[in-house]
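Asker: One structure, as structure tokens, below. Some questions next.
The values are calculated or read from the model by the stated rules, or taken from the named source; none is laboratory data. Everything numeric in this text was worked out from a predicted model, so none of it was measured. For neighbour counting, all protein chains shown are included, and Cβ atoms are generated from backbone atoms with ideal geometry for every residue, glycine included.
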Amino acid sequence: MILFTHATLKDLSTILEIEHASFEHPWSKESLAGELSDPLSSIIIAKSSSNPDVCGYSCYKIIPPEAELLRIAVRHEGRRQGTAQALLNEMFRLLRLRQVVTVYLEVSEINRAAIALYKKSGFLVTGSRPGYYDHGTTAALLLQRDL
């Protein structure tokens, strides 16, 4: 079973550790701290009921009636166990409580695992930004999901 809580500044070092292990271009400590202090943003952390360590997180920004998923990451050893899907489902639940009707995100066109997760979660590709990543060599796919 996965348990969720809203992150606080005391969770920052753990989130940063997962961030650096998950992304080629990780966000800085300052960027993550900025999201934690932004009243429009939320970071949810996930923990297994059998392990007190944070196993993943998601970061999103709400500007009703819309939201944008900014980041989602799971520790390497916790991948392919449903944690990312559970984080998305918890985010959807919380967004509905805030009367959000549409969620947006962008993802690199070469991130096949993330694209598969998002499509499985009901996101649809609505466009692209050619040359957005990797010094202009990789497109960003724009995805949307109505709640």
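Asker: Could you please let me know if residue 98 is loosely packed, with under 15 Cβ neighbours inside 10 Å, among the charged types (D, E, K, R) and under 20 Å from residue 36 (Cβ atoms)? It would help to see each step written out before you state the result.
Answerer: Details: loosely packed, with under 15 Cβ neighbours inside 10 Å: yes; among the charged types (D, E, K, R): yes; under 20 Å from residue 36 (Cβ atoms): yes.
Yes.
Asker: As an exercise: evaluate residue 122 against (1) at positive phi; (2) in a loop (DSSP other than H, G, I, E, B); (3) at pLDDT below 95 and give the number of the one condition it does not meet.
Answerer: (3)
Asker: Could you list, in sequence order, all residues of segment 41-95 that are of a type in the set (Asp, Glu) and in contact (Cβ under 8 Å) with a residue 40 or more places away in the chain?
Answerer: 90
Asker: Condition test on residue 24, is it outside the structural domain of residue 136 (by TED's automatic domain parsing), acidic (Asp, Glu), closer than 26 Å to residue 135 by Cα and out of contact with any strand residue (DSSP E or B) (no Cβ under 9 Å at 6 or more places or on another chain)?
Answerer: The answer is yes for residue 24.
Asker: Could you list, in sequence order, the residues of segment 45-70 that are within 19 Å of residue 101 (Cα to Cα) and either in contact with a Leu (Cβ under 6 Å, 6 or more places away or on another chain) or not charged (D, E, K, R) (or both)?
Answerer: Once the filter is applied, which keeps residues that are within 19 Å of residue 101 (Cα to Cα) and either in contact with a Leu (Cβ under 6 Å, 6 or more places away or on another chain) or not charged (D, E, K, R) (or both), segment 45-70 yields 58, 59, 60, 61, 62, 63, 64, 65, 67, 69, 70.
Asker: Shifting gears a bit: For segment 50-58, state whether one or more residues are more than 12 Å from the chain's Cα centre (by Cα), more than 28 Å from residue 134 (Cβ to Cβ), surrounded by fewer than 20 Cβ atoms within 10 Å (Cβ to Cβ) and among the acidic types (Asp, Glu).
Answerer: yes
Asker: From the set of residues in segment 64-94 that are modelled with pLDDT under 95 and surrounded by fewer than 17 Cβ atoms within 10 Å (Cβ to Cβ), which is farthest from residue 141 (Cα to Cα)?
Answerer: Here the residue is 77.
Asker: May I ask you to list the residues in segment 60-102 that are in a loop (DSSP other than H, G, I, E, B) and aliphatic (A, V, I, L, M)?
Answerer: Applying the first criterion (in a loop (DSSP other than H, G, I, E, B)) to segment 60-102 yields 64-65, 75, 79-82, 98-101.
100, 101 - these are the residues of segment 60-102 that are in a loop (DSSP other than H, G, I, E, B) and aliphatic (A, V, I, L, M).
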